[in-house]
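Quick notes on the structure that follows.
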Amino acid sequence: METIMSVETPGSQSSLHRANLERVLRAVRMAGSLTQAEIARSTGLSAATVSNIVRELSEAGTVVVTPTSSGGRRARSVSLSADAGIVVGVDFGHSHLRVAIGNLAHRVLAEESEPIDTDASADQGFGRTEQLVARLLEQTGFPAEKVIGVGLGVPGPIDVETGALGSTAILPGWTGIAPAKELSRRLGMPVLVDNDANLGALGELVWGAGRGLSDLAYIKVSSGVGAGLVISGQIYRGPGGTAGEIGHITLDEAGPVCRCGNRGCLETFVGARHILGLLQQSHGVDLTMPKVVQLAQRGDLGCRRVIADVGRQIGTGVANLCNLLNPRRVILGGDLAEAGDLVLDPIRESVARYAIPSAARQLSVVPGTLGGRAEVLGALALVMSEMSDSNALPTA
């Protein structure tokens, strides 16, 4: 007897329905929770279609619907079920390791940070990560099987073909390591990796100063300088994964030699090493970037002058971004962002001077609202944005 199998063909009603289910799930997942009216606006689906899909997903246990209010009217808030799984974020910084665990309703369940030696090997770093992830899972009471995926942030470019970490002055012992593959092997979980600037952009887009926007740039200034670019709501990485290397815009062809081999890159004028080098003779060799910011806020004239000079240089790079991409907002992250208007006003002055007037008028330059958590929260968002909805869809 011949068995007839049902095949879902492109353009069929079942195919269209599945696509609509995925659109609704993705909208809810990236926002954390939405009312049905907000889902309809963000997906372009009719209110009736959204209502039917939400009912189906709710009956399947995929989403939870709770009464709320919107604009003074009764509404229903839709969020993913707690049973839908959890995600893990890992951020390797210049001198820290930060791990967070969150659910798909955008609630951070546990988070911890600890110092790490910049000279630590990749093996040591991953060993510490294993311990920290296991400890936080135990704290939250979730088994490892509940983890949908792990987002990993590293301070350097990732080769999109090999997954290997490119040259980095921040974690020199890691160059050539494929961090996602190695961490996945150790944890037994799927791992997605991206550079810290991209994850900072994702974190601010989903949780912070970029919420509700579809176009922005996140500029991270620390040991190096990088930019995460969001275009039409998505991180833009470029075919080689190196989009956003704003730190290597040439400002002075006769300037200091940069780690990239060129002279006078923006990074050589605004990176932490340059800033501290200008001030350590007068302020001591133990000076740190957070201390520079604190002193400037207390009125130290030398620190204020250096921060203003650095802001104007960063503004030149931001102006170039404005002329090329015309973002709606530029968000400053890293230690310098804590200086507030002491660094932001000089950035704005340079943008007004060097950017196309129409682009400059549309741009707002603001500090990030997530501080040192931007990258680890972006790592959580990375998993949420890249994960497949197939396993969460109700079965026919």
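The values are calculated or read from the model by the stated rules, or taken from the named source; none is laboratory data. Owing to the predicted nature of the structure, the values given are computational and were not obtained by experimental measurement. With ideal geometry, Cβ positions are generated from the backbone for all residues, glycine too; neighbour counts draw on all protein chains shown.
Going by the conditions given, is ARG29 of a type in the set (Lys, Arg), part of a helix (DSSP H, G or I) and crowded, with 19+ Cβ neighbours inside 10 Å? The answer is yes for ARG29.
Scanning region 235-264 for residues that are within 17 Å of LEU324 (Cβ to Cβ) and not in a loop (DSSP other than H, G, I, E, B) returns ILE235, TYR236, ILE246, GLY247, HIS248, THR250. Restricted to region 78-106, and to residues there that are charged (D, E, K, R) and more than 13 Å from ALA381 (Cβ to Cβ), the residue that is surrounded by the most Cβ atoms within 10 Å (Cβ to Cβ) is ARG98. Residue-level analysis places VAL90 among those that are out of contact with any Asp or Glu (no Cβ under 6 Å at 6 or more places or on another chain), β-branched (Val, Ile, Thr), assigned by TED's automatic domain parsing to the domain that holds SER121 and closer than 25 Å to GLU386 by Cβ. Per the listing SER77, SER95, the residue uniquely in contact with a Leu (Cβ under 8 Å, 6 or more places away or on another chain), without any contact (Cβ under 8 Å) to a residue 60 or more places away in the chain and among the hydroxyl-bearing types (Ser, Thr, Tyr) is SER77.
Yes/no matrix, rows are residues, columns are (1) loosely packed, with under 15 Cβ neighbours inside 10 Å; (2) over 30 Å from GLU386 (Cα atoms):
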residue: LEU213; (1), (2): no, no
residue: VAL230; (1), (2): no, no
residue: GLN234; (1), (2): yes, no
residue: ILE246; (1), (2): no, no
residue: GLY255; (1), (2): no, yes
residue: THR268; (1), (2): no, yes
residue: ALA272; (1), (2): no, yes
residue: GLY284; (1), (2): yes, yes
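Listed by first and then second residue, the pairs with beta-carbon distance under 6 Å, at least 6 apart or on different chains, first residue in region 302-329 and in contact (Cβ under 8 Å) with a residue 12 or more places away in the chain, second assigned to a strand (DSSP E or B), are VAL318/VAL330; LEU321/ALA217; PRO327/LEU216; PRO327/ALA217; ARG329/LEU216; ARG329/SER364. Candidates in region 185-196 are the residues that are crowded, with 24+ Cβ neighbours inside 10 Å and touching a residue at least 60 places away in the same chain (Cβ under 8 Å); of these, the one that is nearest to GLY149 (Cα to Cα) is ASP194. ALA144: closer than 25 Å to ALA122 by Cβ, of a type in the set (A, V, I, L, M, F, W, C) and surrounded by fewer than 16 Cβ atoms within 10 Å (Cβ to Cβ), yes or no? So ALA144 passes the test. Restricting the first member to region 234-262 and to residues that are under 17 Å from GLY317 (Cβ atoms) and modelled with pLDDT under 90, and the second to residues that are in a strand (DSSP E or B) and of a type in the set (Lys, Arg), no beta-carbon pair is closer than 6 Å while six or more apart or on different chains.
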